[in-house]
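Working notes, beginning with the structure itself.
The values are calculated or read from the model by the stated rules, or taken from the named source; none is laboratory data. Remember, predicted model here, so these are calculated numbers, not experimental data. Neighbour counts run over all protein chains shown; Cβ positions are idealised from the backbone, glycine included. For the accessible areas, the whole protein counts, side chains as well, though only heavy atoms, and no ligand, DNA or RNA atoms are used. Shrake-Rupley method; radii C 1.70, N 1.55, O 1.52, S 1.80 Å.
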Amino acid sequence: MSELTFEQMLDESFKTIHNGEVVDGTVIDVKPDEIILNIGYKADGIITRSEYTNESNADLTTMVSVGDAMTVKVLKVNDGEGQVLLTYKRLVAEKGNERLREAFENKEVLRAPVTQILGGGLSVVVEEARVFIPASLVSDTYEKDLSKYQGQEIEFVISEFNPRRNRIIGDRRQLLVAARAEKQKELFARLQIGDRIEGVVKNVTDFGAFIDLGGVDGLLHISEMSWGRVENPKKVFTVGENLEVLVKDIHETKIALSLKFPETNPWANAADDFAVGNVVTGRVARMTDFGAFVELAPGVDALLHVSQISRAHVEKPADVLSVGQEITAKVVDLNESEKKISLSIKALEMAEASAQEEEE
């Protein structure tokens, strides 16, 4: 029987390792860009910066110390120079993938920081395993700029798990939709027509403004923005503005809002303010062939018929009046139930003429 050489006996004293094997080791040296481990093998193991962390400029000397114990995975037993290439990051990522698989199967809500803003969404890392959240699944509303999420911790669920195809997809949108639905349920349970509620202007359109009532949107239609006329809502309201609004109507999941509070109703004191015989002042708001509509107060328009514009014959209102012109006239009719008021300049002129004749 032949005797073993010293080198053969030395080799046999070390364990054998294989590519893909998970081994334990102890850090014996650390450089800024690599870690050297004693893994009980005839050659030391090397972990490069890229196989330890995703931080491209990380200084490994600030992250690992000599004497630290580490569990790593063998990438290549011999790198061509007699060294063993190891990875720490991939082993942790594999464990992270297992964590994500469990979360996917259990529909667990995860929380992790956003590490990267990509063209089509966000990238988050859970235990070194990457999860991609497409832009369409980031929010329950369209968001053009995702930069505000950089570094922010967000909650999400795993909606697709296929690590072999490198497809691990996160979904934040369904959580927001569920939370909004719960808020809607709570709000609708306590909200009643006639309630006054605080809200924030969320969006302004040509026909109205959408008000966030705390997770539920209500519509403030242009016709309900004022007792008077509003020509352009965008000139009246700004996004983010706080408002107290009146709940006008609730229909299933739709809420109609109003700023026409009863105490500000200009018709409330119409019997006194616009009684027949009163002399009032207003501005011409619009004109037709049969007369001019005069705004006496926001929400209160009165008709000045063409026959009542002057003692002299007037063919068309536009011949003697213009929009925006201030006029003084006498109230000759008031119908509160139908919110109609009739004016007459002619009556004032006749009264003035009579007074002058009496003086003469």
### Summary
Reported set for region 146-161 where residues are of a type in the set (D, E, K, R), open to solvent by 70 Å² or more (accessible area, probe 1.4 Å) and either touching a residue at least 24 places away in the same chain (Cβ under 8 Å) or closer than 19 Å to VAL109 by Cα (or both) is GLU153, GLU155
### Query
Residues in region 126-156 that are in a strand (DSSP E or B), farther than 20 Å from GLU55 by Cβ and in contact with a helix residue (DSSP H, G or I) (Cβ under 8 Å, 6 or more places away or on another chain): how many?
2
### Task
Just name the residue that is nearest to ARG90 (Cα to Cα) out of those in region 40-72 that are of a type outside the set (S, T, N, Q) and free of Cβ contacts under 8 Å to residues at least 12 places away in the same chain.
GLU55
### Task
Output the residues belonging to region 194-226 that are polar (S, T, N, Q) and touching a residue at least 40 places away in the same chain (Cβ under 8 Å).
SER226
### Filter result for PHE261 (surrounded by fewer than 16 Cβ atoms within 10 Å (Cβ to Cβ), among the aromatic types (Phe, Trp, Tyr), at pLDDT 90 or above and touching a Pro at 6+ places or on another chain (Cβ under 9 Å))
no
### Task
Answer yes or no as to whether LYS254 is modelled with pLDDT under 90, out of contact with any helix residue (DSSP H, G or I) (no Cβ under 7 Å at 6 or more places or on another chain) and open to solvent by 30 Å² or more (accessible area, probe 1.4 Å).
yes
### Message
I'd like to check something: does region 172-180 contain any residue that is open to solvent by 50 Å² or more (accessible area, probe 1.4 Å), at pLDDT below 95, assigned to a helix (DSSP H, G or I) and β-branched (Val, Ile, Thr)?
### Response
yes
### Task
Return yes or no: is LEU85 crowded, with 17+ Cβ neighbours inside 10 Å and either closer than 27 Å to LEU37 by Cβ or free of Cβ contacts under 8 Å to residues at least 60 places away in the same chain (or both)?
yes
### Positions within region 235-251 being surrounded by 13 or more Cβ atoms within 10 Å (Cβ to Cβ) and closer than 13 Å to ASP206 by Cα, in sequence order
VAL236, PHE237
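Here is a yes/no grid of residues against (1) under 30 Å from PHE237 (Cβ atoms); (2) open to solvent by 40 Å² or more (accessible area, probe 1.4 Å); (3) under 45 Å from the mean Cα position of the chain (by Cα):
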site: ALA275; (1), (2), (3): no, no, no
site: GLY291; (1), (2), (3): no, no, no
site: VAL323; (1), (2), (3): yes, yes, yes
site: THR328; (1), (2), (3): no, yes, no
site: GLU336; (1), (2), (3): no, yes, yes
site: LYS346; (1), (2), (3): no, yes, no
#### Entry: Residue selected from region 40-63 under the condition open to solvent by 30 Å² or more (accessible area, probe 1.4 Å) and within 11 Å of GLY25 (Cα to Cα), by the criterion nearest to the chain's Cα centre (by Cα)
ASP44
#### Entry: Residue that is surrounded by the most Cβ atoms within 10 Å (Cβ to Cβ) [pool: residues in region 95-116 that are assigned to a strand (DSSP E or B) and in contact with a helix residue (DSSP H, G or I) (Cβ under 6 Å, 6 or more places away or on another chain)]
VAL114
### Message
Considering only region 208-220, I want to know if a residue exists there that is open to solvent by 40 Å² or more (accessible area, probe 1.4 Å), over 19 Å from the mean Cα position of the chain (by Cα) and either under 17 Å from SER344 (Cβ atoms) or not aromatic (Phe, Trp, Tyr) (or both).
### Response
no
### Task
Filter region 119-134 for residues that are within 15 Å of GLN152 (Cβ to Cβ) and without any contact (Cβ under 8 Å) to a residue 24 or more places away in the chain and give the result.
SER123
### Query
Considering VAL72, VAL66, which residue is touching a helix residue (DSSP H, G or I) at 6+ places or on another chain (Cβ under 7 Å) and either exposed (fewer than 13 other Cβ atoms within 10 Å of the Cβ) or under 20 Å from ILE35 (Cβ atoms) (or both)?
VAL72
